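Notes follow once the structure below has been shown.
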Amino acid sequence: MTINQTDPAIALADLQASKPEKVTIVLLSGDMDRAMAAFIIATGAAAMGMQVTVFFTFWGLNTIRRKGAASAAKDWLRRMFGLLNTGGADNLPLSRFHFWGLGTRMMKTVMKQNRMPGVPELMGTALELGVRFIACTTTMGLMGIPKDTLIEGIDQFAGVTTYLAEAKQGSVNLFI
């Protein structure tokens, strides 16, 4: 690939044309509204024919944990993480105005009235469209989250280098 050094706009267009239509999303948050945003973007991109990968790390791992899955960690700190983060895409709190669950219930009611799918439905659609799910093994170890507490459909268990390799190839990279 040659880069046109006289016109930066043409150089940028050349660079963008050389990258595949690939989207990577890091889902760091375990908040319902942020997870929804990630999956709305992921399903939209996949529906447009783009290759999409979602890398789940830290609290974002709660999105792909099975509902009520308990941690089998041996030390008390990791067990506490497991108790505080029971997981499940349907149990995520709002990032703001959660109000001990009242705000989240209100949001779910409004979503249902407007026929807006929830996080579990958006995740199912993403999987049907071929979105790849990667669970961060470093965070899983740190927080005492075993593989058997995660939902089916996880494509890979990997660390940050795998995400970076995906992101390096992509044309859109998001951190949510």
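List of remarks:
- Extended-chain gain in nm, criterion 0.36 nm per residue less alpha-carbon gap, L77 and R105: 7.1 nm
- DSSP beta bridges in region 20-175 [antiparallel fraction, %, rounded to 5]: 5
- Extension gain (nm, one decimal) between L129 and E152, 0.36 nm per residue minus Cα-Cα: 6.8 nm
- Ranking of D148, D155 by count of other Cβ atoms within 10 Å, fewest first: D148, D155
- For region 103-172, the square roots of the Cα gyration tensor eigenvalues, ordered a ≥ b ≥ c, give a/c of at least 1.5 with a/b greater than b/c, which places it in the prolate category.
- For region 91-176, the set of GluC sites (Glu not before Pro) satisfying both a DSSP loop assignment and a count of at most 13 other C-beta atoms within 10 Å is given as E152.
- Rg and Dmax of region 20-175, Cα atoms only, in Å: 15.4, 46
Here, each number is a calculation from the coordinates, and none is a lab measurement. Remember, it's a predicted structure, so these values are computed and weren't measured experimentally. Here the Cβ is made from the backbone with ideal geometry for all residues, glycine too, and neighbour counts use every protein chain on show.
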